[in-house]
Structure formats: C-alpha cells, structure tokens
Amino acid sequence: MRNGYQAYIIRYMANYRNNKLNDTTNILKALSDPNRIRIVMSLSGGELCVCRIIELLQLAPSTVSKHLSILRQADLIEASKKGRWIYYKLSNHTKNKTLKEIVKWLEKSLKEDDRITKDKKLMARILKEDPEKLCAKIKKK
C-alpha cells in the first residue's frame, strides 16, 4: 500500500511541476517583490556579477542573496561561478517561454518608470567600476 501511495504522489507531483499554469504562478510569485523585478530588469541587459546586483539595489548581501534564491527557485535566473565571482543571468530553459513573454511585458510596462530609469543609469556607472574594488567595497560594509 505504501509503495502505491508513494508512486501516486510522485506521478501527481510530476504532473504538477510540468503544468504551464503552475510555472506562470511560480514566476508571478517570485516577481511579487519590487527588488526582484529590479533584478530581472537589470539581468534583461545581460549577465551580472552578484556584487553589481548588490551595488544596484543598495541592500545587504544577505537580503540580495535571498532575492536571488527566490528567483532561482522559480527558474527565472541561472548562476555560474567564474573565478571568484558568481554571475547571474536570465534563465535559458526552453520551458521559460513564459519568462520571455513576462520580461517583454515588464520592459514595455516599466519603460518610463522612474526607478527602472534610475537603475539603468546607475548600472551603466556600476559596469564601469573595477569588479575587484566593488567587491572589496561591499565586503567592508
């Protein structure tokens, strides 16, 4: 009886995980915070080092880490380690056609938003900074 029940749960969860409605719901839940939307919008411009994301948001590294973790769990972003730094980018998974549509919608909807406009200008300045110095500055805080 127990093995049959476990098999049922596994089949149920497999169906639940592969549900487009569930994928969309998870994406929307992950984007329910303004800082996570800001992260996604900044990553729509390309891959970023975690230090640059911290500098953009002006939040504690642990807070930014939590936001990044939520976005990763929703399969919105991917991380890769390159040398001493961890870089984040928007997910390239094929199931994330929904993500691409949502990012397009966000870009269109937030095109004239003051916060997003300021973020773009700030990110342009942050990208000019030496990553070594930026990370050292963040560690001192």
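Could you pull out every one of the helices (runs of 4 or more DSSP H) wholly within the stretch 5-58 that has 2 or more residues that are at pLDDT 95 or above?
Because the criterion is at least 2 residues that are at pLDDT 95 or above, the helices (runs of 4 or more DSSP H) in the stretch 5-58 that meet it are 34-43, 50-57.
State whether one or more residues within the stretch 44-55 are in contact with a strand residue (DSSP E or B) (Cβ under 8 Å, 6 or more places away or on another chain) and closer than 20 Å to residue 108 by Cα.
yes
Among the residues of the stretch 66-92, which ones are in contact (Cβ under 8 Å) with a residue 12 or more places away in the chain and not in a strand (DSSP E or B)?
Within the stretch 66-92, 67, 68, 70, 71, 73, 74, 75, 76, 84, 91, 92 meet the criteria.
Go through (1) closer than 20 Å to residue 30 by Cα; (2) modelled with pLDDT of 90 or more; (3) surrounded by 13 or more Cβ atoms within 10 Å (Cβ to Cβ) for residue 98 and report which single condition fails.
Looking at each condition in turn, residue 98 falls short on (2).
With the requirement that a residue be within 22 Å of residue 135 (Cα to Cα), at pLDDT below 85 and among the charged types (D, E, K, R), what does the stretch 80-95 give you?
84
May I ask you to verify whether residue 77 is buried (at least 17 other Cβ atoms within 10 Å of the Cβ), modelled with pLDDT of 85 or more and among the hydrophobic types (A, V, I, L, M, F, W, C)?
In short, yes.
The values are calculated or read from the model by the stated rules, or taken from the named source; none is laboratory data. The shown structure was predicted, so the numbers you read here are calculated from the model rather than taken from an experiment. All Cβ positions, glycine included, derive from the backbone under ideal geometry; neighbour counts span all protein chains shown.
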